[in-house]
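Visitor: Attaching a single structure in structure tokens format; questions to follow.
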Amino acid sequence: MLNKWMLILSLVSLSILSGQYDYSLEDINVNSEYYGQNVGTSLFDNQVTIHYFGHFNWGLCSSRFGQLNNLFDQWSLEGLPIQLLGVGKDSHMSALSNWTNGNNAPVCADSSPFPNWSAWEASQRDLYVLDHEGTVVLNENISGGIPGNLEELVLQLVDG
């Protein structure tokens, strides 16, 4: 009987942990093929997903999202199962164009009090890379720059 309860507890814990790294927010980037749809990790099942949390305001956050979008464009042209998603805050909507002009990755705005940022324990300019099963393999603040091994890591996840 104890083994049965241990199994049930393990399955519940696993579902809670895997569900932590998902959200369902509307894509507000008119240049994205998912514009107007709710997006999140679960929409891109069996794909590597890259999630960038930052502010829409001009500056370093916007620059980093642009750099990530350039990589995303390259991977998309190669037909690789990789998806980039940007998550900002609705309090910065007036600067949304800093993330959408020239970028085609989905962009979302978390609403105050920012439950998705909290669930992910995200800070400004945090980057998360999840494998095709939704497991976090990289969580790094990229204020200092895009990780030098990001492309290699993502391609290994696709091949793995």
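Visitor: Taking region 28-72, which residues are among the aromatic types (Phe, Trp, Tyr), part of a loop (DSSP other than H, G, I, E, B) and either open to solvent by less than 40 Å² (accessible area, probe 1.4 Å) or at pLDDT 95 or above (or both)? Don't jump to the end; show me each part of the working.
Guide: The first filter runs over region 28-72 and keeps only residues among the aromatic types (Phe, Trp, Tyr), leaving 34-35, 44, 52-53, 56, 58, 65, 72.
Still in the list and also part of a loop (DSSP other than H, G, I, E, B): 34-35, 56, 58.
Listed by number, the residues that qualify are TYR34, TYR35, PHE56.
Visitor: Residue check: is SER111 touching a Lys or Arg at 6+ places or on another chain (Cβ under 9 Å), modelled with pLDDT of 95 or more and open to solvent by 20 Å² or more (accessible area, probe 1.4 Å)? Walk me through how you get there before you give the answer.
Guide: Values: touching a Lys or Arg at 6+ places or on another chain (Cβ under 9 Å): yes; modelled with pLDDT of 95 or more: yes; open to solvent by 20 Å² or more (accessible area, probe 1.4 Å): yes.
Spelling it out, SER111 is indeed touching a Lys or Arg at 6+ places or on another chain (Cβ under 9 Å), modelled with pLDDT of 95 or more and open to solvent by 20 Å² or more (accessible area, probe 1.4 Å).
Visitor: Could you pull out every one of the strands (runs of 3 or more DSSP E) wholly within region 94-160 that has 3 or more residues that are touching a residue at least 60 places away in the same chain (Cβ under 8 Å)?
Guide: On the way: elements: 107-110, 126-130, 136-141.
Of the strands (runs of 3 or more DSSP E) lying wholly inside region 94-160, those with at least 3 residues that are touching a residue at least 60 places away in the same chain (Cβ under 8 Å) span 107-110, 126-130.
The values are calculated or read from the model by the stated rules, or taken from the named source; none is laboratory data. Owing to the predicted nature of the structure, the values given are computational and were not obtained by experimental measurement. Cβ coordinates were reconstructed from backbone atoms using ideal geometry, including for glycine residues, and neighbour counts include every protein chain displayed. Surface accessibility is based on the protein's heavy atoms, side chains included, excluding ligands, DNA and RNA. Shrake-Rupley method; radii C 1.70, N 1.55, O 1.52, S 1.80 Å.
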